[in-house]
Ligand code: 5GP
């Protein structure tokens with residue numbers, strides 16, 4: 001079984017996203033945090049001094065907030081908890097923004113749900 005197919009099965013979706021490849025180490029990233037459920041890394045094109053993306057390892061069809069269902073409650077809670085950990089780790093004591101771009105009108109480009117942690121200035 002190919003690595004791509006294994007990843008797709010983990011994600012319970014046919015598609016292997018760019019972010020699945022980052023989690024799998026196939027695309028390099030600057031990782032800042034990881035736990036059993038989530039993974040966080042620096043945005044390649046930061047809009048602030050600190051700009052980190054927090055993603056679920058198993059996105060279970062939650063490609064965007066459009067797709068949110070009851071079964072995703074745990075993933076969504078884990079993502080917010082991870083954002084809080086990341087912010088603490090990054091020393092964002094003066095505050096930060098959490099952004100979830102949803103759909104084309106919000107400029108969402110990667111369809112693997114992700115939270116932007118933006119701060120530091
Ligand atoms: P969206 O616009 O979908 O909310 O956010 C996607 C984000 O992913 C963008 O801010 C973009 O800069 C970031 N991004 C896209 N490709 C890569 C990549 O290969 N590596 C990293 N670290 N960030 C990426």
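Tell me which of these residue 53 doesn't satisfy, since it passes every other one: (1) over 20 Å from residue 74 (Cβ atoms); (2) buried (at least 18 other Cβ atoms within 10 Å of the Cβ).
(1)
Can you tell me which condition residue 16 does not meet? The list is (1) within 16 Å of the ligand (Cβ to nearest atom); (2) modelled with pLDDT of 95 or more; (3) surrounded by 15 or more Cβ atoms within 10 Å (Cβ to Cβ), and all the others hold.
(2)
Going by what's in this entry, would residue 54 be described as under 21 Å from residue 87 (Cβ atoms), more than 10 Å from the ligand (Cβ to nearest atom) and under 10 Å from the mean Cα position of the chain (by Cα)?
Yes: the conditions hold for residue 54.
Go through the range 64-121 and give me each residue that's assigned to a loop (DSSP other than H, G, I, E, B), within 13 Å of the ligand (Cβ to nearest atom) and either touching a residue at least 40 places away in the same chain (Cβ under 8 Å) or within 21 Å of residue 46 (Cβ to Cβ) (or both).
The answer is 64, 100, 101, 102, 107, 108, 109, 110, 111, 112, 113, 114.
Quick check on my filter: what residues within the range 30-54 are touching a residue at least 60 places away in the same chain (Cβ under 8 Å), outside any loop (DSSP other than H, G, I, E, B) and under 17 Å from residue 111 (Cα atoms)?
40, 52, 53, 54 - these are the residues of the range 30-54 that are touching a residue at least 60 places away in the same chain (Cβ under 8 Å), outside any loop (DSSP other than H, G, I, E, B) and under 17 Å from residue 111 (Cα atoms).
The values are calculated or read from the model by the stated rules, or taken from the named source; none is laboratory data. What you see is a predicted model; the values in this text were computed from it and never measured. Note that each Cβ is placed from the backbone with ideal geometry, even for glycine, and that neighbours are counted across all protein chains shown.
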